[in-house]
Every structure is written in C-alpha cells, then in structure tokens.
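One structure is given here, and the rest of the page talks about it.
The values are calculated or read from the model by the stated rules, or taken from the named source; none is laboratory data. Predicted model only: the values in this text are computed from it and were never measured. Neighbour counts are summed over all protein chains in view; Cβ atoms, including those assigned to glycine, are modelled from backbone coordinates with ideal geometry. In case anyone asks, the SASA skips ligands and DNA or RNA and just uses the protein heavy atoms, side chains included. Shrake-Rupley method; radii C 1.70, N 1.55, O 1.52, S 1.80 Å.
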Amino acid sequence: MADELRIDCHLHLYETKAAGLREKETYEIWEYGPKQDVVFARFGGDIEDAEAAMAEAGYAHAVIANLFAIALLDEGLRSAAMHVQAERLRAFNRWACDVAATRGQLSVFVAVDPTVLGGDPGAAHLREMVERHGARGVKIHPVVQRFLPDDLRMHPIYQACIDLDIPVLSHSGSDRDGAAYAEPVAFAGLLRRFPDLNLVLAHLGGGAWRQTAAFAEAFPQVSFDLCEILAWAGAPNAPSAEELAKLILDVGPQRVMLGTDFPWYDLADTANRVMDLPLLSSEQKSQMLGANAARILRLPVTKRAEAR
Ligand SMILES: [Zn+2]
C-alpha cells in the first residue's frame with residue numbers, strides 16, 4: 001500500500017520485452033563487486049510492463065530516461081554511418097515521446113549522444129523534442145557513450161537545457177579503464193562553465209561514491225538519484241546501508257530522489273529499501289520517494305497514486 005507520493009525518476013522503456021531482457025543480460029554491472037541477494041525486476045520493460053509495475057507498486061509518475069549508445073547496438077547496426085545513427089537517435093527519442101504523449105504518468109528525458117548528434121544539430125533536435133514533442137529533460141551516460149561531461153560537443157546542448165529550463169540526468173560511476181568519464185569529479189568543469197544547469201547524478205556516484213559528499217558540498221545545485229547503489233548496498237565496493245544513509249544526510253536528503261533503473265530493479269522493493277534506511281527520519285524518506293523529484297525535475301504530477 002502506498003499512501004505517499006511515489007515517483008520513479010529513472011526508468012528505462014523498451015519497444016519490446018525481448019529487447020529489454022536482452023539488454024539486461026548484456027549490460028554488466030561490475031562496479032560494486034559481487035552481491036548475491038540483489039532483487040531484480042521480473043519485467044522486460046515495454047510499456048505494458050512499465051504500467052503494470054507502476055500500478056502494482058503504487059507509483060504516480062515515472063521519468064523515462066532512455067540511453068542511446070552505439071556500443072549497445074547489435075553488431076550490424078553498430079557499423080552504420082554516423083548520419084544513419086543520428087536518424088536512429090532522433091527516431092528513438094520521437095518514439096519515447098509518442099508513447100508518453102497519451103500517458104500523463106510518464107515524462108520523457110530524451111537521449112543525447114555527442115558522438116552521434118552533438119553540437120548545434122544536437123541542440124536543435126533537443127529543442128524540437130521539448131517544444132513540439134513534450135520532452136522534459138535529457139539523459140546521458142558518459143561511460144557507455146565515451147565522452148567527458150565537459151566535452152565541447154555538449155556545450156550547445158547544455159546551453160539549450162538552461163534556456164529550455166530542463167534538467168540533465170547523467171549516469172555517474174566508475175569505469176574500467178580509469179578514464180573517469182562519470183565519476184563525480186568529472187562534472188566539476190562543466191558545472192563551473194554552466195553553473196545554472198539543473199544536473200542530476202544518478203546512482204549517487206556509483207562505485208565512486210566516496211567522492212560524492214565533497215562534490216555535493218562544492219556544487220549545491222546538483223541533485224542525485226538512488227538507483228542501483230541502493231540495490232547493491234552492502235556489496236564490496238558499495239556503501240553499507242548505514243554508510244549510504246550517512247552519505248544522504250551529508251548531501252542533504254532534500255536533494256536525493258528515488259530511481260529504480262527499471263526494468264533492472266523492482267519498484268516496490270526499491271521503495272521499501274528507501275523506507276528501511278537507517279538514520280533518516282520517515283519524513284525525509286517519504287520526500288525521497290516522490291516529492292523531491294516532483295520539485296527538482298518539475299514533473300507534471302497531477303494525482304497521487306491510488307492507495308491499494
Ligand atoms: Zn539507468
């Protein structure tokens with residue numbers, strides 16, 4: 001039963017259940033080290049699954065934060081020319097906006113990829129998606145997409161986000177070759193250049209979570225989501241539940257939002273894990289379940305979830 005507002009600020013939507021299941025199988029989550037009892041969702045992640053999962057767990061709203069990366073495409077698609085990839089990216093974003101257009105409980109953060117569609121053309125596409133297709137934010141994944149957050153090709157896109165008054169949700173975490181594409185400190189240069197950007201770092205820094213408290217103090221305009229790191233709490237390179245709660249208190253609980261990374265993690269289990277965190281008050285925890293996301297991301301949440 002959900003009697004408080006529940007919002008998922010970080011959900012992935014797939015065109016088919018099979019596509020979601022395939023990506024769940026191939027996307028390796030290595031950075032926290034091994035953990036046996038991680039609770040994964042049973043879903044593939046198409047729209048039917050997303051709506052069922054939200055209804056089941058009493059979520060009023062969710063943000064579709066889809067990722068487009070050439071590295072994740074099938075081999076045949078990967079080798080296509082860049083203008084073909086750019087058209088694929090545009091079609092992918094239009095599809096997500098079309099799905100959400102008739103469903104008030106979904107908001108779309110469109111995929112941006114500076115290699116495929118960066119610079120002014122990338123910014124123009126973003127403007128079109130926001131102004132004509134109802135998109136409400138941007139999603140990036142510097143590790144899988146192989147770019148540093150302060151990449152020059154991203155600058156017109158960040159400026160468009162500020163002009164359009166929309167947030168950027170970025171993956172954060174470690175990567176294997178030490179390039180540090182998305183550790184919290186990698187976002188410092190970008191935030192000095194674009195201090196008005198409404199930036200959200202997913203996973204509270206992920207495997208680089210020990211940087212997050214100092215980073216959050218230096219950049220009070222940044223907010224965070226809890227997905228993945230919450231499910232992996234207690235793994236060798238993840239914080240324990242107590243360390244995670246301490247980190248949230250250091251950052252400020254009003255800056256932290258629930259995310260599930262659906263169809264990876266279970267929506268009900270994620271909300272329960274938030275409410276089970278030690279050290280935090282139940283008021284702070286219930287704000288993290290939904291109210292913080294509604295405020296920080298300015299989501300059009302029109303009604304509370306029906307109590308079930
Ligand atoms: Zn994600």
task: Identify the residues of the range 227-255 with backbone N under 12 Å of a label point that sits 7 angstrom from the Cα of Leu279 along the Cα-to-Cβ direction, or state none.
output: 239-253
- request: Sum -39500 (n - 2.57) across every DSSP H segment of at least 4 residues in the chain, then divide by the residue count to get the 222 nm mean residue ellipticity, nearest 500.
  value: -11000 deg cm²/dmol
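Have a look at the DSSP beta bridges in the chain and tell me what percent are antiparallel, nearest 5. All intermediate terms of the calculation are to be shown ahead of the outcome.
Details: 2 of 23 bridges.
Percent antiparallel among DSSP bridges in the chain is about 10.
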field: Chain lengthening between Thr16 and Trp30 when straightened (0.36 nm per residue, less Cα-Cα)
entry: 2.5 nm
query: Mind listing P(r) for the chain? All alpha-carbon pairs, 20 Å bins, whole percents.
result: 36, 61, 3
task: Any chance you could look up the accessible area of Ile64 with a 1.4 Å probe, heavy atoms only, rounded to 10 Å²?
output: 0 Å²
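Taking all protein chains together and a probe of 1.4 Å, list Lys285, Lys17, Lys246 from the most accessible to the least accessible. Could the numbers behind the result be given before it?
On the way: Lys285 20, Lys17 70, Lys246 105 Å².
Largest accessible area first, the list is Lys246, Lys17, Lys285.
Leaving out ligands, DNA and RNA, what percent of the accessible area of the range 7-296 is carbon and sulfur, probe 1.4 Å?
Working: 5680 of 11120 Å².
On the range 7-296, the fraction of accessible area on carbon and sulfur atoms equals 51 percent.
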